[in-house]
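For reference, the structure is listed below as structure tokens.
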Amino acid sequence: MRVTGRSKRTPLLVAAVALLVAANAWWFWPRGDAQNTAAFQLADSSDYGRGSVAAGITRADIDAASFYDAAADRWLVQGKPIADLHGHMLPAEPRGKRPGFVIAGLAQQATTEDVRKALLNLTGQGICLVALPDAVDPQGVSVHRIVAVRDDRGELRHCKG
């Protein structure tokens, strides 16, 4: 057994430690938010939900609502394509300083991707309040504020309306 001098295994041990440190750094390195963020973010409906903006929505409003055609990436009102939904916005209840909102009709088999595309289209028009009918009962409609939507490149676009 040698007491003084260098061991022949020292360079191997140093290389193994360096490899372990590099592997740990790679494994735990932040990968960015693109993999961990949802396709869209909606605000809690407590500030714009049932009993406030959504009050007064009738079954007729839901039946006459704009419908998003995901295949063609366009909005339809009474079967006719329209480019601008601002003329089809409902006023907020109670009528105050809050902006109006759009009821977004979606196909029953709509996917998350279809919803993302519809919300992205609304964001592009500067419409940030959307009512999403989720039940047959008009009281089941809830109004949400669109916070952000991922575009087709995966970048987050915040709604500024």
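The values are calculated or read from the model by the stated rules, or taken from the named source; none is laboratory data. Remember, it's a predicted structure, so these values are computed and weren't measured experimentally. When we count neighbours, we look across all protein chains shown, and the Cβ atoms used for this are built from the backbone with ideal geometry, even at glycine. For accessibility, only protein heavy atoms count, side chains too; no ligands or nucleic acids. Shrake-Rupley method; radii C 1.70, N 1.55, O 1.52, S 1.80 Å.
Ligands, DNA and RNA excluded, the heavy atoms of Leu42 present near 60 Å² of accessible surface to a 1.4 Å solvent probe.
With K and R counted +1 and D and E -1, the other residues having a Cβ less than 13 Å from that of Asp73 yield a net charge of -2. Here the simple spin-label model places points 7 Å from the Cα toward Cβ, and for Ala25 and Gln108 these points are separated by 5.7 nm. Each peptide in 74-85, 103-114 gets a packing score, the mean of other Cβ atoms within 10 Å over its residues, and the list from highest to lowest is 103-114, 74-85.
Ranking of Val147, Val102 by solvent-accessible surface, largest first: Val147, Val102 (1.4 Å probe, protein heavy atoms only, all chains present). Taking every protein chain into account, the 1.4 Å probe leaves Phe101 with about 0 Å² of accessible area, to the nearest ten.
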